[in-house]
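As structure tokens, the structure follows; a few thoughts come after it.
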Amino acid sequence: MHIQLNNSIPIYLQIAEWLQHEIIADRLQADEKVYSQYQLAELFNINPATAGKGLTLLLEEQLLYKKRGLGMFVIADAKDKILRKRRNEILTKMAKDLVLEARRLLVSDEELLRLIQKTQEELK
Amino acid sequence: MQSLTKLSPILIIKKQVKWKAKLYISALSSLVILQIIFTLLFFNHGNASEGYGRGNVNVQFFIYSLDVYVMVAMLWAFITGLLFSTKAYRRDDLAIISSQASSAIATILVVILYSMIAVMIIAASYYIQLIGLFLRQKDAFIIDQLIISPSILLVCFGSICLFGAVGLLVGYCFQGPIIVKLATILFFIVSLFVLIVYPEFINLQSFILLSNLKISICCFLLAILCFGLTIWIAHQSEVSAL
Amino acid sequence: MKVIRCEQLSKSYGHRQALQQVTCAIDGQKIVGIIGRNGAGKSTLLHIFSGHIKATNGTCQLFDQNPFNNIRTAANTILIDDQLSFSNYLSLSDILTMAADFYPNWQNDLAYRLLQYAEIDLAVKHQQLSKGHRAIFNVVYGLVARCAFTILDEPMNGMDEAIRQDFYRVILKEYIAFPRTILIASHHLQEMETILEEILLLHKGKIITHATIDELREQLISLTGPNEEIDVLCAYLPIYARKTMANLSSIIVDAYQLKLSHEELQARGITQTALSVSDVCKYLTYEEGSDIDAIFD
Amino acid sequence: MTSFMMLFLFMLLVITFLLSKFSRITQKFWSPRKIIIGITGYLLLGLCAFLYVSFFAESPIQVLSGTDLKTIEKNSHTIQAYDQEYNASYLTEDHLRKTWEFDFQGTELPVISDNNTPGFHFNVRYRYNDDMPAGKALVSYYQFQDIVDGIDISAEIPLPHLYMEQNELVIQALPEHRVQYYRAKASFMLLDFHRYHEQGGYTLFAPSSNVIVIDISPHTTLEDRQGLIQYLQ
């Protein structure tokens, strides 16, 4: 499998991202062994150390756990954690963009809140 | 850290000698060709002749000795030594495990080995010449000495070795560090000067009068000296042509 | 475990200083890219590592020994460059046989398979190979020897695009199969940056930087914004490069010296973009007045 | 010496040229294996040649050993000693190579030897023989071993030419005769020559001259105008 890696984003972040994506898509189940750094290296044609760094990132975010001599495994609630985190991140970012755009268009805060409430009612 | 491979230098040199001896073999084939050419050149009248007048009989001896063969082999060894020390040959060593010194040692061993084979080639050429001579001049053919005595073989081997060693040394001198190069040029200039001003400075007369064994020992000692210098220079020198 | 340690290493050819007081240490079992512009001293450094040339000053320790004319380090070192040559009497298959005799970890089967893949006829001589085929053969030779210290000097020169990609993968796979220290000097950083772990950036005989790929990538950033705001930054930041178009300017600055947060920059109308590793290397080795545009002004 | 140096330099050039030429050609057509086979073949050929020469090539001419030479030299000295004493006892059948019989008129036999021809080196002797009838002369040619550099060349020495002309006996040497030998010396001439030279080797002993004896009856006088012929007891 070849995935086009982006040149201006650190590769280990891209690897971590890809692994999270695999977990969300249920291709990596809970308590399943994840790819080793060497498998990842071959998969993406990257240096094993870089792949290891991506794995370590997920380990630090407690999405993976390590079994001595066996490798890394997906934590049971990894998928939930990722989803929760993404939800937070994406919503926060969108809200931020919304507020900034509203200000640029000279929409007052009250008006913006009203707009949101109205949209929520319409979509019910 | 995986363990490093520990190959003994002797093993490496042994392998280098094995491959070099095989790859430089064309040097020996050119010796054979040279010997054949010189056999043909000297076939009619030998390499020396003696004439005696006895009354109305004029006796002429055409002598077929080893001189020409050995001289050709000595020159060949010198040129071969020079050739082996050129960049073209030495660069090939870098593709395999070697240091400059190990490659020099291996080359030296090959020169020694080839000198031995050269002695055999000399003997072969000599006897091939004799058989031709016998078949053509059956009635006037005299065998003074048929078997080459071991002491003469030693002299052959020693002198060929010495010339090979000198060739190699000269070659390495010109490829070595700049100081060695300058020293060599200086040496040549001085010796040329000495030879021109005092031609009698080099007197081989007394050397020739030594016994075969002593001559060969002298040759070997000089050759060893040259070989030693070659290794020393090789150990100091860098791979040129960067 | 450091494989190589250099202290104050200098090399000069007459008056030309090829290396100036290089001090570095390289860890074992890493793929390290030796990057630099033409004439930066890459080859000189690699030839000192391989023991082919002697440093004018300073020390170099390979496996805790001086590599110069050292048969023990030579047994664990292989240097592949375009000057690699073999006797005219050897066909390629003979060369493989000979190398198998010398290198204890030699992988003959692999060599045959790789050369077959590259459609190289093993009956020909090394000199008869085309430039690209010779480069392929040399890389294969360097990799299957499985020396603990493998130096590839411009290994991909002359290969076509497709085979270059293949062989970066070959290098990686061989590295995984038999971890060793591999130094690759190349101009094609962009192609191979993914397989590298560290980069040693040389410029004019000096080491500019020795860092992991990601550290290097984050070292410089590009800032684009209105001229006035950029001028303010220029006042206190060292600038690697600056381009001005109408009333917008973009500058390349050291990320670690930029004390402003993302928000602060955004407030000033400055956008921040990351650079690729090869761009970082390009800017780090930028000379003043080496802007090609300046020639046309 | 200079010509030798010139030859040496010339050989050097030739060899360099050949080596460079041949190495290029051989590189193309000859693999190391073929060259090794070729060289081994050459060496084997040399060995066969050696065996053949040593077993089958019986040289027709023997080289005399040092002891042989010593005895021959001794003999030669005794012969010379006898010769000084005009003693004919050394003229034995062993050395007799040829006899001639000539008839002549009168009691005088003039003998002319053409000793101006190069290579004339016979001692001419006469003796009175009671068995000889008048008007008859028996000429015997005795030849002694002649050794040149260890080789007996006696057989190659041409006989003198004798004939009667106008009642005179003419002794003449034959025109110069050239003999060539091909000698195999498996050693260095350069070394050997200088060594023998230094040791005063090369026993070039002056061999005893060959003798022509003219037997005539006691009643005949031998007329020797040149004063060459001596009387033998």
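Tabulated results
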{"quantity": "Some residue of segment C:198-218 being touching a residue at least 12 places away in the same chain (Cβ under 8 Å), at positive phi and within 14 Å of chain A (Cβ to nearest Cβ)", "calculated": "no"}
{"quantity": "Among residues of segment D:30-81, those that are modelled with pLDDT under 75, of a type outside the set (S, T, N, Q) and surrounded by fewer than 15 Cβ atoms within 10 Å (Cβ to Cβ), counted", "calculated": "4"}
{"quantity": "Scan of segment C:139-158 for residues that are more than 17 Å from the chain's Cα centre (by Cα) and not β-branched (V, I, T), ordered by number", "calculated": "C:Y141, C:A145, C:R146, C:C147, C:A148"}
{"quantity": "Qualifying residue in segment C:166-183 (condition: touching an Asp or Glu at 6+ places or on another chain (Cβ under 6 Å), crowded, with 21+ Cβ neighbours inside 10 Å and modelled with pLDDT of 90 or more)", "calculated": "no"}
{"quantity": "Selection from segment C:80-94 of residues that are under 27 Å from the mean Cα position of the chain (by Cα) and under 14 Å from C:I136 (Cα atoms)", "calculated": "C:I80, C:D81, C:D82, C:Q83, C:L84, C:S85"}
{"quantity": "Given (1) away from chain C (no Cβ under 11 Å); (2) in contact with a Leu (Cβ under 7 Å, 6 or more places away or on another chain); (3) surrounded by 15 or more Cβ atoms within 10 Å (Cβ to Cβ), number of the condition A:N45 does not satisfy", "calculated": "(1)"}
{"quantity": "Among (1) in a strand (DSSP E or B); (2) farther than 12 Å from C:I34 by Cα; (3) not charged (D, E, K, R) - the single one C:I182 does not satisfy", "calculated": "(2)"}
{"quantity": "Unique match (being assigned by TED's automatic domain parsing to the domain that holds C:L45 and either surrounded by fewer than 16 Cβ atoms within 10 Å (Cβ to Cβ) or under 15 Å from the mean Cα position of the chain (by Cα) (or both)) among C:E263, C:E198", "calculated": "C:E198"}
{"quantity": "Conditions (1) within 23 Å of C:G51 (Cβ to Cβ); (2) buried (at least 22 other Cβ atoms within 10 Å of the Cβ): number failed by C:I136", "calculated": "(1)"}
{"quantity": "Tally, over segment C:83-101, of residues that are part of a helix (DSSP H, G or I) and facing chain B (nearest Cβ under 7 Å)", "calculated": "3"}
{"quantity": "Residues that are assigned to a helix (DSSP H, G or I) and either among the polar types (S, T, N, Q) or facing chain D (nearest Cβ under 8 Å) (or both), drawn from segment B:62-80", "calculated": "B:D67, B:V70, B:M71, B:V72, B:L75, B:W76, B:I79, B:T80"}
{"quantity": "Some residue of segment D:130-151 being charged (D, E, K, R) and closer than 23 Å to D:V63 by Cα", "calculated": "yes"}
{"quantity": "Count of residues meeting criterion [out of contact with any Pro (no Cβ under 9 Å at 6 or more places or on another chain) and either among the polar types (S, T, N, Q) or not in a strand (DSSP E or B) (or both)] in segment C:206-235", "calculated": "16"}
{"quantity": "Residue check for B:L169: in contact (Cβ under 8 Å) with a residue 24 or more places away in the chain and within 13 Å of chain D (Cβ to nearest Cβ)", "calculated": "no"}
{"quantity": "Matching option when the condition is touching a residue at least 24 places away in the same chain (Cβ under 8 Å), basic (K, R) and either outside the structural domain of C:I31 (by TED's automatic domain parsing) or in contact with a Pro (Cβ under 9 Å, 6 or more places away or on another chain) (or both), among C:R146, C:R242", "calculated": "C:R146"}
{"quantity": "Test: residue in segment C:17-25 that is out of contact with any Phe, Trp or Tyr (no Cβ under 6 Å at 6 or more places or on another chain), within 14 Å of chain B (Cβ to nearest Cβ) and not in a strand (DSSP E or B)", "calculated": "no"}
{"quantity": "So B:I122, is it within 12 Å of chain D (Cβ to nearest Cβ) and touching a residue at least 60 places away in the same chain (Cβ under 8 Å)", "calculated": "yes"}
{"quantity": "Filter result for the condition that a residue is within 20 Å of B:F78 (Cα to Cα) and surrounded by fewer than 24 Cβ atoms within 10 Å (Cβ to Cβ), over B:L146, B:L113", "calculated": "B:L113"}
{"quantity": "Among the residues listed as D:I171, D:I216, the single one being within 20 Å of B:N56 (Cβ to Cβ) and at pLDDT 75 or above", "calculated": "D:I171"}
{"quantity": "Complete set of residues in segment B:3-14 that are free of Cβ contacts under 8 Å to residues at least 12 places away in the same chain and at the interface with chain C (Cβ under 8 Å from one of its Cβ atoms)", "calculated": "B:L4, B:T5, B:K6"}
{"quantity": "Meets criteria (within 18 Å of D:E176 (Cβ to Cβ), among the small types (G, A, S), in the same structural domain as D:R225 (by TED's automatic domain parsing) and out of contact with any helix residue (DSSP H, G or I) (no Cβ under 7 Å at 6 or more places or on another chain)) for D:S154", "calculated": "yes"}
{"quantity": "Residue in segment A:70-85 that is under 22 Å from C:P179 (Cα atoms) and charged (D, E, K, R) present", "calculated": "no"}
{"quantity": "Total residues in segment D:93-117, condition among the β-branched types (V, I, T), more than 18 Å from D:D131 (Cα to Cα) and at pLDDT 70 or above", "calculated": "2"}
{"quantity": "Total residues in segment C:270-297, condition surrounded by fewer than 16 Cβ atoms within 10 Å (Cβ to Cβ) and modelled with pLDDT of 80 or more", "calculated": "2"}
{"quantity": "Unmet requirement for B:A95, which otherwise passes all of (1) within 30 Å of B:S237 (Cβ to Cβ); (2) more than 14 Å from the chain's Cα centre (by Cα); (3) assigned to a helix (DSSP H, G or I)", "calculated": "(3)"}
{"quantity": "Pick from segment B:175-185, criterion surrounded by fewer than 22 Cβ atoms within 10 Å (Cβ to Cβ) and touching a residue at least 60 places away in the same chain (Cβ under 8 Å), ranking: nearest to the chain's Cα centre (by Cα)", "calculated": "B:Q175"}
{"quantity": "Residue, surrounded by the most Cβ atoms within 10 Å (Cβ to Cβ), within segment C:70-82, restricted to residues that are of a type outside the set (K, R) and more than 7 Å from every other protein chain (Cβ to nearest Cβ)", "calculated": "C:I78"}
{"quantity": "Residue check for A:L70: at pLDDT 90 or above and outside the structural domain of A:I116 (by TED's automatic domain parsing)", "calculated": "no"}
{"quantity": "Residue check for B:I33: more than 30 Å from D:H161 (Cβ to Cβ), at pLDDT 90 or above and in a helix (DSSP H, G or I)", "calculated": "no"}
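The values are calculated or read from the model by the stated rules, or taken from the named source; none is laboratory data. What you see is a predicted model, and the numbers here were worked out from it, not measured in a lab. With ideal geometry, Cβ positions are generated from the backbone for all residues, glycine too; neighbour counts draw on all protein chains shown.
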